[in-house]
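The values are calculated or read from the model by the stated rules, or taken from the named source; none is laboratory data. Predicted, not measured: the structure shown is a model, and the values here were computed from it. Neighbour counts are summed over all protein chains in view; Cβ atoms, including those assigned to glycine, are modelled from backbone coordinates with ideal geometry.
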Amino acid sequence: MTHPLVACTVLSLLPALAACNDGPPLKAPSADAPMSTVRYQCQQNKTIVADFYDGKSSVGPDGRPIPGGLAVVQLSDGRKFSLPQTLSASGIRYADSSGTFVFWSKGDTAFVEEGANQTVTYRDCVQKR
């Protein structure tokens, strides 16, 4: 049985609580939506657009962390890559499974390394604001 005073107090507070919500209900971001999209301007008038996605990290058999993030990287030459996040000592590193395409991001800068010799093909990339 509910105490009459408690019921009366709760009922009298309902209009005040309803007034606190003056907008539409908040929606959780879509699981398919990137956490952020960053556009970079690079040397030689090249550009990169990177969509960053969050993911759940795990632990490898050797105890090292395995990052769970993902970046979808589109280059101004038309190529597009979906790259899992990999371990990095500094900045954030995303690479294909063979390690022949690597996208690095640190702060508001980025660059791309390609091929077995890790040739920098997109350099001095700075985030456009």
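Would you be able to say whether some residue in region 112-126 is farther than 14 Å from I48 by Cα, of a type in the set (K, R) and out of contact with any Lys or Arg (no Cβ under 6 Å at 6 or more places or on another chain)? Can you show your working first?
Here is the first cut: in region 112-126, the residues farther than 14 Å from I48 by Cα are 114-119.
When the remaining residues are screened for being of a type in the set (K, R), the result is none.
No, region 112-126 contains no residue that is farther than 14 Å from I48 by Cα, of a type in the set (K, R) and out of contact with any Lys or Arg (no Cβ under 6 Å at 6 or more places or on another chain).
Listed by first and then second residue, the pairs linking a residue in region 50-67 that is within 26 Å of Y40 (Cα to Cα) and at pLDDT 85 or above to a residue that is of a type in the set (A, V, I, L, M) and in a strand (DSSP E or B), with Cβ atoms under 6 Å apart and 6 or more places separating them unless they lie on different chains, are A50/V38; A50/A71; A50/V73; D51/V72; F52/A71; Y53/L70; G55/L70. Scoring F103 on the criteria (1) in contact with a Lys or Arg (Cβ under 6 Å, 6 or more places away or on another chain); (2) in a strand (DSSP E or B) leaves a single failure, condition (1).
In this entry, T86 is excluded by the filter for residues that are modelled with pLDDT of 95 or more and surrounded by 12 or more Cβ atoms within 10 Å (Cβ to Cβ). Do we find that T37 is among the β-branched types (V, I, T) and in contact with an Asp or Glu (Cβ under 9 Å, 6 or more places away or on another chain) in this structure? When the stated conditions are applied, T37 passes them. Of all positions in region 49-57, at least one carries a residue that is surrounded by 12 or more Cβ atoms within 10 Å (Cβ to Cβ) and small (G, A, S). Among (1) part of a loop (DSSP other than H, G, I, E, B); (2) at pLDDT below 50, where does S12 come up short? It fails just one condition, (1). Only residues that are small (G, A, S) and more than 27 Å from S57 (Cβ to Cβ) were counted across region 74-129, and they come to 4. Out of all the residues in region 112-120, is one or more over 18 Å from P34 (Cα atoms) and in contact (Cβ under 8 Å) with a residue 40 or more places away in the chain? Yes - at least one qualifying residue is present in region 112-120. Quick check on my filter: what residues within region 69-83 are in a strand (DSSP E or B) and either farther than 22 Å from A33 by Cα or free of Cβ contacts under 8 Å to residues at least 24 places away in the same chain (or both)? K80, F81, S82, L83, listed by residue number.
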